[in-house]
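Notes for the one structure printed next.
The values are calculated or read from the model by the stated rules, or taken from the named source; none is laboratory data. For clarity, every value in this text was computed on a predicted model and none was experimentally measured. Cβ: placed from backbone, ideal geometry, glycine included. Neighbour counts: every protein chain shown. Heads up: the accessible areas ignore ligands, DNA and RNA and are worked out on the full protein's heavy atoms, side chains in. Shrake-Rupley method; radii C 1.70, N 1.55, O 1.52, S 1.80 Å.
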Amino acid sequence: NAGVTQTPKFQVLKTGQSMTLQCAQDMNHEYMSWYRQDPGMGLRLIHYSVGAGITDQGEVPNGYNVSRSTTEDFPLRLLSAAPSQTSVYFCASSPRQGEAFFGQGTRLTVV
Amino acid sequence: GENVEQHPSTLSVQEGDSAVIKCTYSDSASNYFPWYKQELGKGPQLIIDIRSNVGEKKDQRIAVTLNKTAKHFSLHITETQPEDSAVYFCAATSYIPTFGRGTSLIVHP
C-alpha cells in the first residue's frame, strides 16, 4: 500500500518557468490538499479538494492552480515560478475529519 | 476561516522531563484535533488525535486534552526520550486541517 506519492522529490526552476507537482493516493480518500512549508510558518494550505471535480482555495493560493479529475490524483501547477515560491510542498489525503496522510514532500527552489 | 495558534515555537527539555505544547483555535465548527510529528526530511505523521466529544485521550507516554468551551487543546509527553526530538504540529479540522506553526522539541540526553 503506497499511501500518498509525490513526485518529484527535488526540483530547481528558473524564474518564469512552469511546472506540475504530481500527487497520487491509493486510499480512496475524498479529501486531498496541498500545503507549503516555510521556516517558522508551519504548513499553509494552498488548495484543497473535497472530491473529484471540486476544488477550492486555501490560505495562499496565488500563483498556483489545481484540478481533480479523478479521486486518486491531485496535481499542483505553478504557472510562472517566482523566487517566493521556493519552499517544501506537501500533498495530503484524508477522509472527512479523519487522519491526514502526507507524501514525502517536494523541495522546490526557484532561482 | 480557522486560525490555529501554537506555543511555544521551541521547547528544550532534559531526557526524562515532561513536555507540554498548547494550541488554541477559532472556529467552533472544528471537531477533530490531530497532532503530528515531523522528523527531518519527512512528511508529518499522526501521533494522536482527539474528537470534540472527548476531553482527554492517552496513548502510552503521550496524552492530549481538549477544552472545547475555551477552544484550546494541549499535547503532553511524559518521560521524554531523545527520539522524541522533532517538530510537532497541532491542527483543527472541520473539513481540511488547519495547522499551527509548529513546535521544535529538543530532548537533551
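Do we have any residue at all in the stretch B:13-29 that's more than 11 Å from the chain's Cα centre (by Cα), over 27 Å from A:T7 (Cα atoms), at the interface with chain A (Cβ under 10 Å from one of its Cβ atoms) and touching a residue at least 60 places away in the same chain (Cβ under 8 Å)? Within the stretch B:13-29, not a single residue is more than 11 Å from the chain's Cα centre (by Cα), over 27 Å from A:T7 (Cα atoms), at the interface with chain A (Cβ under 10 Å from one of its Cβ atoms) and touching a residue at least 60 places away in the same chain (Cβ under 8 Å).
Yes or no, residue by residue, for (1) within 24 Å of A:S87 (Cα to Cα); (2) of a type in the set (A, V, I, L, M); (3) modelled with pLDDT of 95 or more:
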site	(1), (2), (3)
B:Q14	no, no, yes
B:Y25	no, no, yes
B:Q38	yes, no, yes
B:K42	yes, no, no
B:R51	no, no, no
B:I62	no, yes, yes
B:L66	no, yes, yes
B:H76	no, no, yes
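Summed over the stretch A:3-32, the residues that are hydrophobic (A, V, I, L, M, F, W, C), within 12 Å of chain B (Cβ to nearest Cβ) and open to solvent by 30 Å² or more (accessible area, probe 1.4 Å) give a count of 1. Counting only strands (runs of 3 or more DSSP E) wholly contained in the stretch A:1-102, the ones carrying 1 or more residues that are closer than 27 Å to B:A86 by Cβ occupy A:4-7, A:10-13, A:19-25, A:31-38, A:42-51, A:76-78, A:87-94. For the stretch B:33-46, the tally of residues that are surrounded by fewer than 20 Cβ atoms within 10 Å (Cβ to Cβ) and not basic (K, R) stands at 5. A:G42 satisfies every condition listed in (1) within 14 Å of chain B (Cβ to nearest Cβ); (2) open to solvent by 20 Å² or more (accessible area, probe 1.4 Å); (3) more than 14 Å from the chain's Cα centre (by Cα) except (2). If the condition is being surrounded by 13 or more Cβ atoms within 10 Å (Cβ to Cβ) and out of contact with any Asp or Glu (no Cβ under 7 Å at 6 or more places or on another chain), then the stretch B:65-80 contributes B:L66, B:K68, B:K71, B:H72, B:F73, B:S74, B:L75, B:H76, B:T78. Of all the residues in the stretch A:62-106, those that are facing chain B (nearest Cβ under 9 Å) and open to solvent by 50 Å² or more (accessible area, probe 1.4 Å) number 4.
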